[in-house]
Each structure stands twice: as structure tokens, then as C-alpha cells.
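> I'd like to ask you about the structure that follows.
Read-outs throughout are calculated quantities, based only on the coordinates presented, and are distinct from any laboratory measurement. A quick note: this is a predicted structure, and the numbers were derived from the prediction, not measured. Glycine gets a Cβ as well: all are built from the backbone with ideal geometry, and neighbour counts include every protein chain shown.
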Amino acid sequence: MNRIPCQPCLSLLYLLCFLSLTAHICVAQWKPSAWPTLKHYDKDHLRNIALPLGGIGTGTVSLGGRGELRDWEIMNKPAKGFSTVTVGNNAPFFAINVQPTQGKSMTKALLGPLDPSEFQHYEGRPVNQHGFPRFTDASFDAAYPFGQVNLSDKRMPVRVTVKGFNPFIPGDADNSGIPIAVLAYEVSNTGQEPLTVSVCGSMRNFVGRDGSKSIKDWKGDYVPIGAKKNVNTYKQQGDVQGIFMHSDSVNRRDAAWGTIALTTNNQTGVSYRTSSRSNDWENAMLDFWDDFSADGVLTEKKQLVDDDPLASLAVQKIIAPGQTQTFTFFITWNFPNRAAWASFSTKADQPAVGNYYSAQYADAWDVIVKTLPRLPILEQKTLQFVNAFLQSDYPDVIKEAALFNLATLRSQTVFRIPSGHLMGWEGVFDEFGSCFGSCTHVWNYEQATAFLFSDLSQSMRDIEFNYATNEAGKMSFRVMLPLEKAQEWKNAAADGQLGTILKFYRDWQLSGNQEFLKKNWSQVKKALSYAWVNGGWDGNQDGVMEGRQHNTMDVDYFGPNPQMSFWYLGALKAGREMAIAMNDPELAKKCDDLAKKGSAWIDKNLFNGEYYEHKITDPKTFAFLNWERDSTVNVPDYQLGKGCLVDQLVGQMMAHIVGLGYLADQRHIQTTLKSIMKYNYLDNFSDHFNNMRSYVMGDEAGLLMASWPKGRLKVPFPYFAESMTGFEYCAAVGMLYEGQTENALSCLSAIRNRFDGQKRNPFNEPECGYHYARSMTSWNAVLAWSQFQYSGVTETMTITSKPGNYFWSNGSAWGTCAVSQTGPKTNIALTVLSGKIGLRTFKVQHAGKHSFAKRQELGEGKMINFTVNE
């Protein structure tokens, strides 16, 4: 049963939270609070877990499912797997030394056991830390951005929880963009006697080694090069002490030049080493291991010319029987020299554009000095967000899909240039970015950025309309850098450009910022009008796109098709609303007329009784081809034709999200979604042939990109046999909006079952590259389930009539909304947990609305109760 707390109870709750938070902040030595768990991964589902730790636009290092630090992607480029930094036994790691009162001390790496598949290697070096003692048992608990590794071993008198997180606070991009990995090791004494316990982090100073330059050494291993005579310095400032890693020998303009810091806020029991002996025959690590294992206290040594820059920082504490002590560490970095869309093939000729975060901090040491005093409240705000979300009445699979894919915003898929503008690859490969330019037809799908960080979303609109759009209204669907070169990519994409009209409308509505619309209206109008140029997408201006339409399938469709048509109809309806607001009745009428004509036409001509299909036209004349009746007609390659496309209703999904209603016959929309489930969903891929990439395999389930119940073209669009999560989410979200809940949850569960930690990383859904931007379409399921909408223009909020408690956010404010029923009345308890919103009207889907007698301005911590009558 869902119960809505009364106002006095909530007031007391807020007071207790405030007092608890205040007390927590006053503690001199920060340590993590209790963290929630959404998903538990047992020992058999850990190998591929890698939870990114780092800020938006800063790069990350990932916390692995067994406690390992992997994928060091802090140097302005992707770095998956073995390809960067230091590898093997020389890779960064944490270790523990346990000394009982009596008996022999024990030293182990703070890592869970190896997977049997990792044992074979031609030289006995199969994985990082292959030669170190490990804990025998491990599991992983996650509620992104919080990750917890649970380590135990019957031969050890301690149990360890490795906790890693980063601040992630909707509406606060700067505090969600700190280049820091926060690590805490909670060690519990499970024995009967006191223990002296030391936890130590060790990592080489690898400044200069970003993995993009490598040679084979005498053993045949690829060895990164670039670091030269790097220097580690022990520093102490206020509550921070640790090792600052820098290099005076690496070119200061190189993308791999920067600084790193390994620090702790523990005030006692700290020891360190800034180097080890030379690493001939792997003796540097041996020298460290002997020192640490002797007594858990590190001994600094005088640095010699050929010493290894292995930095080690240890904290020692006495733990009584049954007691738990926390050892906290921080890894911070600053690598300021990001190159513009630097990749495998273009790095040499790409100019430097820099990083926004690098202007906020002088170096890696400055990051921790500025962040540590604020860390308690940053952690609490992050917990407030995650707990509010987890305590909402969304199905767990929606919570998991939406929350875990937010990791994409922290990956190297995303960066911010010094002006603060958000830029995005489509995804990232092992060592370089995938498909540059904040590609519009990919980024159109996801709503997480706009509904969680409105300023970042609006910065992308600024680029699209004010840098990437020329005087004729043609928008480059890939943006070149620096921004003054934005239009050098000459191609426009029909779905990409029309989708940006809807995204601009969404951002205007969410913010209610009239100046945002006024400032950009001329460019938005040009971009919309580009659809009507002679020979263009709708050159004859009849509401139907017959022209050549480049799209997200990386091909050109010829002729009316559902995917482009629904983007177009949505753009027309959004254009009408914005034209009315801008007192442009002529354009408003034109958009309205074309939308009505186009909607009627596609219902009559594209809907085949089960779904919408593609009417192919001649690429030269745009005349319709009767290839179904005449086998001599030459049909262009890479079309859709009579295929049932998984995302044919993507524009309709967007229209629902922004409150523009149905773009075509509601019955046809509903039938189409049922047909997608009927024809495109496979509960087992074992018998499926796919000539392209495989993102679903074996006995896994998922939605195909296209099916062909009425006959397949000889050469369809390239990806027809694949299955990709962003497109699957699109279909599932459409099903949720149409009340086809069982089918939607089946699709969502099929996706997340594939990312189970064993086969794939739960925090990394790939398409053309890891951490693919379109995977964040999963957040759309939150909007569909709750039916949440907000217009800052009219100051109206909308929510579902289904009783429950719902997390909501509009990009600058967020909170919860509890819905309950008392007879014909709907009771609402609306809480703002962060930011502020204005409210004049509150609507409940299919249950009426409440108009406030006086405009409400709700700030952080404010709650109001009211009733909506049918």
C-alpha cells in the first residue's frame, strides 16, 4: 500500500534530514553513508562489470565487479581493456595487509577471484594482477552512480566492502562534472582479536601514456610509450595528504599531458612511497610488495635516476573484533589538452579545443582540495536523487535501464569544451571515438540530458542552430570543431534536423525561457523551412516528404516513410506552437495545414493495416516506383520498402514526451506497436541470420531492427538484421504510452537481461561503439510510465492517474509526486527536492486538473498537497 505522509510528518522528516546532514558535514573525516542497492550481481556475474567513476565531460576510471580499477579513460580518449596505462602486475590496484595480535600477517590484493575463462595466456600474463593473492568470494551491488564490491575469504579474518562513486546531481552539471573517483574501503573484523589493518593504493605515474602510441617489447607485449622521467611528490594541505603525479618531460601541449593525484583524508596512520626500485625483471612491484607486507607501513626511499615512478599510499588502523573501519582514498586528474574530435585516423590534424573542467581546477591536487570540503553534501545530494528515484513506483527494470545508462554521460562519449558547450560522440571504441560531431539523428532519441541537465541540453541547441545551421537553414548533422568550423561538414540529415526542432521546442517548454525562444527563433524557423526548398524533403509543400532523406540508418531513403514522416509531423506541430508564441500567424497556419495534410496522407497511403511502410520513389524524379507490380523497375539499394521498422514511430514517441499529442490515427499507432512486437520480437536468436553486427546472440531475446512479413527487398538498409538497444527502447516506450505494458516490459527485460555482468557490462550498452548515446533513450521509459510533462511556458505539470509515488525532473528542478485516489478525487502530494519551479496548473492524465488560485513557486524542500477532481 502506498501511503502519503502528512505535512507535519514530512516537515519533521526534512528537519531530521537537515540535522543529519549538518552533523555529517561537521565530521572532520568524511566517510561514506549507507548506500542503496538496486541490483545485486553474484560471483558468476562480475567479469564484465565496469562502473565509470568520473564527472560529466572529464573522462573516467571504472570500478570493476571484483574491485579492480580498469579502463583508465582520463586522458581525453577512450581506453578500454588492456590498451592503456600500465598492465599486468604493474596495473594500478589496492591491497590490504592484516596483522593479527598473534600469528602471521596476510597481504592480498583487494580483488575478487579470477574467472576460469581468464586463465590461459601464451606467457602466463592473462589479466591485470594475475600474480597477486586475491579474495576467494566477491559480489557487486549497484545503484548508479554508487557501486559496492563485497569481498570475503574464509582464510582472512576480515570482510571488505569496496565503495566507489561520483557526485551526480540533476540540475547541477558542474558538481556532476568533477574529475574524481571516490573510493572507500570498509573493513570489518570478523575474528575474535584486534587486528592491525593497512589498505594501500598503488599506481604508476603514467602521465604521457594514453595508449595511443605503443610498440612491442622483447616479450611481444604492446607497451604504451610517452611517459618520460615522471615525478611523484608527497604533499599535505589541510585535511588532504597524498601523492601528486606530474611530468616535466612530456610535451605540455600533448593530450596525454596533465596531472594525477592519489590522496586520502585520513589524518593518522598514513605512510607513502613516491617510487620503487627500477623495474628490471618486474622488481619494482616486488620491492613494493615486500615493503608493504612486512608491517603494512610504507617506507619512503631516496629517488634514484632509474627508479620506477610507482606511487603508493597506505593508511593503517587498529580494528577491534566486530568493528568496521573505513579507509578513504581519492583519485583526481586534470588533462587540459583535448583535441577536436581526435580519433584513430584524425588525431594528427585536429586542433586542440581544451576541456571545460580544466578551467575550473589548476591541476589534480586543486581538484581534491576544492572538492573534499564539499564532498559530504555532494554525496548527500546524490543519495537524495538516487533514493528518491529508487523509492518511486517504477518497475525495477525501468529503474535499472534508466539509471545505469546515465553512465554514458560520464564516459568519453561526452565532453565539454571550454565554453561549457556539451559535445558528444555517438559512442566510443577501444581507443578512439565513434562517429564524431554530436550527431543529431543519434542524439535525437535520448531525453536524459534534457530532463536532468537543462543547461547542457540547451548548449547543444545553441550549437545546432547558431553554429551548425547556415543562412539557407541547412544544418550540418555533424559539428566540426572549433565551433567556427561547425558547418564544414556539409551534409544534412532529415531525421536529425527535424528532430532538433522538436528538441528545441522541448527545451523551451521545460525551461519556460521566452528569451531562449526569441534569441533562437530566426534560426529555428530557417531550419524548419529548409524542408520546403525546391527539390528538398518536402519541396512541393504538401506535408509529405518525397525527397532524398539521409537518416540514422546511414543511408538515403527515397520517398515517404514512417521514420521521417513522424519526425516531420512532430516538427510541424512544434513549429506551429512556437510560431504562435512568436506572433507569426502565417507560419503557424502553414505548419498546421501541412501537418494535417501529411497526417491524413500517411494514414491513407503508408499504413498497410498492420504498420506503416515505405513508398519508394525514383532518386532522380521522386516519382513513385511500382516495384511491387513491375519486376523490371530498378529499386535503389538500402531502402525500407515493406519492412516493419522497429523505430518507425520515433517521432510519435517524441510528440508524446513534449505534449503534442497524436501525429496520426491513434488506432493505427496502437496497431503498429502491436505489429512491431508481433513481427520484430524474437525470444531466441539462435536461429536468426545476421550478416552485420551482433548485439544479441544465442538464446537471448530482443527486437529486430526490421522484419519483412510482406517480403524483403533484395538489398535492404544495412542494419535490418541487427538489434540495438536505443531502437528497442524507442519501441518499448511507444508501447508504454499506448498502454501495452506487458509487451513493453518484455522488451525492456530482454535488453537488461543481456547486460547481466557476465556477458556484458550493465553500465555500457553499445551500438556503433561503447556507451552509445542512443542507449540513454532508456530514460524515456520513466517519462512514459509516469506520463510526466512540464511546461515552464504555461507553468503546468502533468502526471499519471495511476496511484503511486513518482520521481520527476525537468532539467533544473526535481522531486517526487505521490498520487492516490479517494473516490472520484485524485490526491496529489508534490515535493521539490532540488531547484525550483513555477506552477499554475496541475493535470492528472484522464482525471482532470487543478488550477491554483495563486501562482505557486516551489523551492527546494517545499511540498504542497491538493486534490484534482474529475
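> Between helix 562-581 and the chain, what is the angle of the helix's C-alpha long axis to the longest principal axis, kept within 0 to 90° and rounded to the nearest 10?
Around 80 degrees separate the two axes.
> Turning to a different aspect of this structure: Relative contact order for the chain: what percent, with Cα pairs under 8 Å and sequence separation of 6 or more?
RCO, the chain: 11 percent.
> Given axes a ≥ b ≥ c from the Cα gyration tensor, I'd like to know whether the stretch 298-395 is rounded (a/c under 1.5), prolate (a/b larger than b/c) or oblate.
Note, shape of the stretch 298-395 comes out oblate.
> When a/c reaches 1.5 or more, the comparison of a/b and b/c decides; with that in mind, is the stretch 422-786 rounded, prolate or oblate per its Cα gyration tensor?
Cα axes put the stretch 422-786 in the rounded bin.
> Still on this model: ASN251 versus SER293, label points 7 Å from Cα toward the beta carbon: distance in nm?
4.2
> Also, quick follow-up: In percent, what relative contact order does the stretch 703-836 have, based on Cα pairs under 8 Å that are 6 or more apart in sequence?
15
> Still on this structure, please answer the following. Anything over 24 Å Cα to Cα? Flag those among LYS485/LYS526; LYS108/LYS399; LYS590/LYS642; LYS381/LYS836; LYS620/LYS710; LYS604/LYS642, in the order listed.
In this structure, LYS108/LYS399; LYS590/LYS642; LYS620/LYS710 lie more than 24 Å apart at Cα.
> Mind running the shape call on the stretch 31-377? Use the C-alpha gyration tensor, a ≥ b ≥ c as the square roots of the eigenvalues: rounded below 1.5 for a/c, prolate if a/b tops b/c, oblate otherwise.
rounded
> If you take every residue apart from PHE288 with its C-beta less than 14 Å away from the C-beta of PHE288, what net charge results, scoring Lys and Arg +1 and Asp and Glu -1?
Residues close to PHE288 contribute a combined charge of -4.
> A further question on this structure: State the extension gain, in nm to one decimal, for the chain segment bounded by LEU114 and ASN626, taking 0.36 nm per residue of separation less the distance between their alpha-carbons.
Contour length minus the Cα-Cα distance gives 178.3 nm.
> May I ask for the net charge around SER851, where only other residues with Cβ less than 12 Å from the Cβ of SER851 are counted and Lys, Arg are +1 while Asp, Glu are -1?
My count for the surroundings of SER851 gives +4.
> About its Cα centre, what dipole magnitude does the chain give when the only charges are +1 on Lys and Arg Cβ and -1 on Asp and Glu Cβ, stated in debye to the nearest 20?
1200
> In degrees between 0 and 90, to the nearest 10, how far off the longest principal axis of the chain does helix 494-511 point, with axes built from Cα atoms?
The helix 494-511 is inclined about 70 degrees to the chain.
> Tell me which residues come under 5 Å, amide H to amide H, from HIS550 once H is placed; ignore anything under 5 positions away on its chain.
Sorted by chain and number, the residues that satisfy this are ALA494, TYR557.
> What trypsin sites (Lys or Arg not before Pro) does the stretch 272-339 have in DSSP loop regions with at most 13 other beta carbons within 10 Å?
Those that pass, being in a loop and sparsely packed, are LYS302.
> Using Cβ counts within 10 Å as a stand-in for footprinting exposure, how do TYR770, TYR356 rank, fewest first?
Lowest to highest Cβ neighbour count: TYR356, TYR770.
> Can you pull the one-decimal nm distance between simple spin-label points at GLU282 and TRP601, each 7 Å off the Cα toward Cβ?
About 6.9 nm separates the two model spin labels.
> Please determine, in degrees from 0 to 90 and to the nearest 10, the orientation of helix 666-680 with respect to the longest principal axis defined by the Cα atoms of the chain, where the helix direction is its Cα long axis.
In the chain, helix 666-680 runs at an angle near 50 degrees to the longest axis.
> A follow-up question, please. Per 0.36 nm of contour for each residue apart, how much would the distance between SER522 and ASP665 grow if the chain were fully extended, relative to their Cα-Cα spacing?
That pair, SER522 and ASP665, stretches by 48.3 nm at full extension.
> Okay, moving on. List the relative contact order of the stretch 422-786 as a percent without decimals, with contacts defined as Cα pairs under 8 Å and 6+ residues apart.
17
> How large is log10 I(q)/I(0) at q = 0.05 Å⁻¹ when the Debye formula is applied to the Cα atoms of the chain, each weighted equally and without solvent?
Per q value, in the given order, log10 I(q)/I(0) is -0.29.
> Okay, next question. Give me the one-decimal nm value for the distance between modelled label points at HIS846 and VAL305, 7 Å along each residue's Cα-to-Cβ direction.
So the two model labels end up 8.1 nm from each other.
> Can I ask one more? Please work out the FRET efficiency for the pair ASP430 and ASN534, using the Cβ-Cβ distance as r and a Förster radius of 45 Å; give the result to the nearest 0.05.
FRET efficiency, ASP430 to ASN534: 0.50.
> Still on this structure: Give the percent of DSSP beta bridges with both residues in the chain that are antiparallel, rounded to the nearest 5.
Just about 95 percent of them are antiparallel.
> Then there's this: Give me the net charge of GLN541's neighbourhood, meaning all other residues with Cβ under 12 Å from the Cβ of GLN541; Lys, Arg count +1, Asp, Glu -1.
-2
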